[in-house]
Structure formats: C-alpha cells, structure tokens
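Presented below is the structure to which this report refers.
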Amino acid sequence: MKQSRQPSNGIISDPETLADALGVDPEAIRRVHEVYPLQISRYYLSLIEEEGDPIWRQCVPDLEELNGEGEEDPLGEEADSPVPNISHRYPDRVLFYISHVCAMYCRFCTRKRKVGDPQSLNDEGIAQGLDYIRQHPEVRDIIVSGGDPLMLPVEKLDSILGSLRAIPHVEIIRIGSRVPVTFPQRVTPELCAMLKKHHPLFLNTHFNHPREITPESGHACSMLADAGIPLGNQTVLLRGVNDDPAVMKRLMQKLLTIRVRPYYIYQADLVRGTDHFRTSVQEGLKIMASLRGHTSGLAVPHFVIDGPGGVGKIALIPDPVVSFDEEEIVLKNYEGFLCSYPTHPRERQADEVR
Ligand SMILES: *Cc1c(COP(=O)(O)O)cnc(C)c1O
Ligand code: SF4
C-alpha cells in the first residue's frame, strides 16, 4: 500500500520513509541527512538481502559519514574549472556537469559536495559550458556527467546533446550514468531513440557488485547497446562491497554477459565522509593480479588512482618486471613463471643485411 503512495515513481528521499522500508530507527539516517542528500529507488532497495550487505552499504546513510578527514574536493575539480560546470584537466577532453540529480545518492560519492544541490546547476551554467566548448577547438571529447545526465527530462538532454553535436570539433560524446544500475526502469525506448540521434555516443556506467546485475539492469544495458552505444563500466573499490578478488572477478565477468566492457577500477578518492569505504592500495593491486591471465582480457579494466590535487588518473599494474638490463628483460607471468626476452634486436651480420 505504502509503495503506491510514493511520489516520483518509486524514489525514496526522506529519512522516515527509508527507515520504515528498512525497519530501522530513523534517527541516524535523519542526522546524516542533515549533512548529505538522500535518495534511493525502491528497485535498488529491493536488492538488499540483509543489513550491512554490499547493496545496503552503498545506499543507506551511515553515521560514519559524519566522521573523519578528507577534503570536499580532493581532485581539485574546482581548480580545473574555467567556467562553473566544466572541468578541463586534459588536453583534448572535458567533463561537463549537466545535472545535479541522481536516482540514488551513493554514500561514497566523490562529488558529495555537488550532487543533490540545486544551486550547483542552472540553465545559464549549461549555456556557459557550451560556449566554453565552442571556443576551445582542441576539445574533441565531451564527458557529460553530473549528477546523472539520464535523470534530466528526455527533451532537455536531447537539446544539450544536440547543441554539442552542432559544434564541429566535438568528435565524441560520452555519458556517465549510474541509472542502468540504480534505476534501470528509467532506460526507456523513448530515451534510447533520442540517444541514437547523437552518435558517436559512448556510455560509462557504474556497477560495483555482481548482485547489481539483475534482469532489470541487464535489460537496460541491452536496450542501450541495441541503440548502438558502446557501454563501459567504472567501478569504485569499496571496503565491505567489492574488496575481494573473487567478488571483483565475478563482477567483471558478469558485466561482459550484459555487453558492458570493464573500463576502470578506481581507488576510492580522499573525500570527506567516505573514510569507512577506503581500502589499501595493495588490495587493488591484489585484485588486478587475480584478473590478468586468470580471466578474459576483456574483463580486465585499468586500476587507477585519481591523484589528489588534480593531477589526473594514474594507472597501476602489479609489476611483472623481475629484472631489466641491456641484455634481457625477465618477466613473471600470472602463474609466477619466469621468462626472459632479449632487450635489443639481434645484431645482423653484414652478409645477412641484403
Ligand atoms: C576522468 C576524467 C576525464 C576522462 O578521462 P579518460 O581517462 O579519458 O576516461 C576527463 N576529464 C576529467 C576532469 C576527468 O576526471
Ligand atoms: S550516481 Fe554517481 S554522481 Fe550520483 S551519487 Fe552515485 S556516485 Fe555520485
């Protein structure tokens, strides 16, 4: 009964309703909600199997968020921001924030300071962002992000993508969206038909746990893939969610079954209110070592640290180099076997040259 009275098609955004749905006391949720926004779809909530499980940890406010250190903007996104809704850190591509709303406010979000805040975006900001891109011919790749771009009304997103497409130097557009994971019902034939008009378009989504791959999220991804959109995935390495080689390997493999190609695994950023999610760097390297060679190369993403201070993403790999000199490089394979490869091409004799 309660469910049918929920406004905004099955999205919960107040502490009382959430506490009620979970059968817990609302006080802790209320206190966290005073600081950080709250939003969860009924669908995502239904994936919870027990208190504190990997689904719960990603979406239910926790008092731990009020503890700890960290910065609001550890990646220096504001410093790389020539106009309010653009981050321009790399030579040929920019992040363009076009939405402040997400279907769910993930408790570990790097942009905790921005999402859910209506002040962080308006039409004027979007117009300014478009102008900036028009004036910068070196920008050939636009990552539309937020918040979640797929939470915008379809016509509005259509209009923004159309404006980007009309800029001659914009070669590709990428959408970053967690909607296929947290609110797959929002991926409709109407949305896909609209997106299809703006090719070449890519979409990176954000699955963090194999249990998020359901008939519903699989269907959403298959509709997007059928619209010709190559799908990638960015996972955040999170304590108590996916900091386990077996879980991560299963996630990467299952993503391929719904036509999503693993792209990045991120070491968690140093954002205030997310300390309880952070793992050691070794944990990530151990996970990478459990993937490469042990499963399809297609299931092996890059493990990156988005360096503090706005230096950008830096990829880490378990070091396979045992020794390297002018003679040979000695390498270790995924099973620990060693091999040697000559460092330089063999000198050819004069009479071989012809
Ligand atoms: C992540 C990011 C990009 C895109 O990086 P790729 O490695 O090309 O996916 C671009 N700009 C900013 C500011 C970013 O943080
Ligand atoms: S969907 Fe992405 S931007 Fe939105 S709250 Fe989750 S992690 Fe943050």
Choice from THR279, THR295, THR343 with maximal GNM fluctuation in the chain (Cα, 10 Å cutoff): THR343
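Taking 0.36 nm per intervening residue step and subtracting the Cα-Cα distance, what contour gain separates GLU71 from ALA225 on full extension? Don't jump to the answer; show the numbers that get you there.
Working: separation 154, 0.36 × 154 = 55.44 nm, distance 3.69 nm.
Net length gain for the segment: 51.8 nm.
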Paramagnetic reach from THR343 in segment 301-332 [backbone N under 18 Å; point 7 Å along Cα→Cβ]: 320-332
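Tell me, what is a quarter of the convex hull surface for the C-alpha atoms of segment 11-66, in nm² with one decimal? Could you put the intermediate results ahead of the total?
On the way: hull surface 13.4 nm².
Projected area, direction-averaged: 3.4 nm².
Let me spell out the model: positive unit charges on the Cβ of Lys and Arg, negative unit charges on the Cβ of Asp and Glu, origin at the Cα centre of the chain. What dipole size does that give, in debye rounded to 20? If you can, show how the numbers build up before the last one.
Details: 38 positive and 50 negative charges, 231 e Å.
Computed charge dipole of the chain: roughly 1100 debye.
Please compute the alpha carbon radius of gyration of segment 28-104, then divide it by the globular-protein estimate 2.2 N^0.38 Å. Two decimals is fine.
Taking N as the residue count of segment 28-104, the ratio is 1.42.
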Cα-projected label distance for GLU171 with GLU50, points at 7 Å along beta-carbon direction, nm: 5.1
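Per residue, how much space in cubic angstrom lies within the convex hull of the C-alpha atoms of the chain?
On the way: hull volume 63.9 nm³, N = 354.
Residue-normalised Cα hull volume stands at 181 Å³.
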Stretch gain in nm, segment ARG261-GLU335, where the contour uses 0.36 nm per residue and the Cα spacing is subtracted: 24.2 nm
Most mobile of ALA315, ALA299, ALA225 in a GNM of the chain (Cα contacts under 10 Å): ALA315
Modelled FRET efficiency - R0 25 Å, ASP14 with SER163, Cβ distances, 0.05 increments: 0.10
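Assign unit charges at the C-beta atoms only (+1 for Lys and Arg, -1 for Asp and Glu), then state the dipole size of segment 82-152 relative to its Cα centre in Debye, rounded to the nearest 20. All intermediate terms of the calculation are to be shown ahead of the outcome.
On the way: 9 positive and 8 negative charges, 77 e Å.
Dipole of segment 82-152, to the nearest 20 debye: 360 debye.
Restricting the count to DSSP beta bridges whose residues both fall in the chain, what percent are antiparallel, rounded to a multiple of 5? Could you put the intermediate results ahead of the total?
Working: 17 of 44 bridges.
Close to 40 percent.
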Built amide H within the under 5 Å cut-off of GLY312, gap 5+: GLY307
Virtual spin-label span in nm between GLN185 and ASP275, 7 Å along Cα→Cβ: 3.8
Fluctuation leader among ASP20, ASP73, ASP158 - the chain, Gaussian network, Cα springs under 10 angstrom: ASP20
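Where does each of 140-150, 199-209 land if you order them by average Cβ count within 10 Å, highest first? Before the final figure, lay out each step's value.
Working: 140-150: 22.5, 199-209: 20.8.
Output ranking for 140-150, 199-209: 140-150, 199-209.
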Estimated D of segment 203-269 in µm² per second, where Rh is the Kirkwood radius over Cα pairs and Stokes-Einstein applies at 4 °C, 1.567 mPa s: 108
Span from the segment 124-177 Cα centroid across to the segment 92-110 one, whole angstrom: 14
For the chain, calculated [θ]222 nm from helices alone, where every DSSP H run of n ≥ 4 adds -39500 (n - 2.57): -8000 deg cm²/dmol
Stretch gain in nm, segment VAL83-ASP131, where the contour uses 0.36 nm per residue and the Cα spacing is subtracted: 16.3 nm
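Rule-based calculations on the coordinates, nothing more; no lab input. Note that the coordinates shown come from a computational prediction; the quantities given were computed from them, not determined experimentally. Heads up, the Cβs are rebuilt from the backbone with ideal geometry, glycines too, and the neighbour counts pull from every protein chain shown.
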